[in-house]
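Enquirer: To start, I am sharing the structure in question, which I have written as C-alpha cells.
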Amino acid sequence: MNEYVEGKILQFESMFTVFKNSLVSNATITERTAAIKNFELTFGLSWKAMKRLLEFRESENLSSTTAVIKKAFSYGLISNENDWLEIIGLRNKAVHAYGEVLAINVFENLHSTIKSFESCLFKMKSDMALI
C-alpha cells in the first residue's frame, strides 16, 4: 500500500464524516456556515485523494480539479462526471457565499453531494484495499 495515497483517502473519509454530521435540519446561521466550510474541506480532500490515487496508479501528473474529475470518471472512481462538475460549481459558490441568500442556497444543495462523496470514497478504498 502507498501511505501517501492512503493517508489522503483517510483524511477525506474523516472530514466527510464531519461534513455529514454538520448537515442538520433547521440550521442556525452558525451551523449553516460550519456545514458550508465542512463541505469545502471535504471537497478539497476528495479531489486531492483522487489526484494522489490516479497519479499513483496511472503515473500521470494531473494539474487541475477538472482534469482530476475527468480522469477519475474514465478510471471509474466516479460514476457521474456531471454530478462532480456540479459539485465543483457548488464549491465555487460556497467560497463566495457572503450573502445570506447565497449561503442558504448553497446549504440547501449540500445534501445532494453525499451520494457522490460516498461512492467515490468506497471506490478509492476498494482500489487501495482499505476495506
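No value in this document is a laboratory result; all are computed from the given coordinates. Only a predicted model underlies this, so the values are computations on that prediction, with no experimental measurement involved. Using ideal geometry, Cβ is built from the backbone for each residue, glycine included, and neighbour counts are taken over all protein chains shown.
Enquirer: Considering only lysines 8 or more places apart in sequence, or on different chains, count the pairs in the chain whose C-alpha atoms sit under 16 Å apart.
Expert: 19
Enquirer: Note the angle between two axes, namely the Cα long axis of helix 65-75 and the longest principal axis of the Cα atoms of the chain, as a number of degrees from 0 to 90, rounded to the nearest 10.
Expert: Long axis of 65-75 versus the principal axis of the chain: about 50 degrees.
Enquirer: Using amide H atoms built 1.01 Å from N in the peptide plane, name the residues 5+ places from Ile78, or on other chains, whose amide H lies under 5 Å from its own.
Expert: Correct list: Phe73.
Enquirer: First measure r as the distance between the Cβ atoms of Lys37 and Val101, then evaluate 1/(1 + (r/R0)^6) with R0 = 22 Å and state the FRET efficiency to the nearest 0.05. Show your work: numbers first, answer last.
Expert: On the way: r = 18 Å, r/R0 = 0.82.
Here the calculated transfer efficiency is 0.75.
Enquirer: What's the angle, to the nearest 10 degrees (0 to 90), between helix 3-22's Cα axis and the longest principal axis of the chain?
Expert: 20
Enquirer: In degrees from 0 to 90, rounded to the nearest 10, what is the angle of the helix 114-127 Cα long axis to the longest principal axis of the chain?
Expert: 20
Enquirer: For the chain, what is the charge dipole size about the Cα centre, in debye to the nearest 20, if Lys and Arg each add +1 at the Cβ and Asp and Glu each add -1 at the Cβ?
Expert: That gives the chain a dipole magnitude of about 80 debye.
Enquirer: Moving on. For the range 3-127, what value does the Rg/Rh ratio take when both radii are computed over Cα atoms and Rh is the Kirkwood radius, given to two decimals?
Expert: On the Cα set of the range 3-127, Rg over Rh gives 0.98.
Enquirer: Taking only C-alpha pairs under 8 Å that are 6+ residues apart, what is the relative contact order of the chain in percent? Display every interim value, and only then the final one.
Expert: Details: 114 pairs, mean separation 39.6, N = 131.
Across the chain, relative contact order equals 30 percent.
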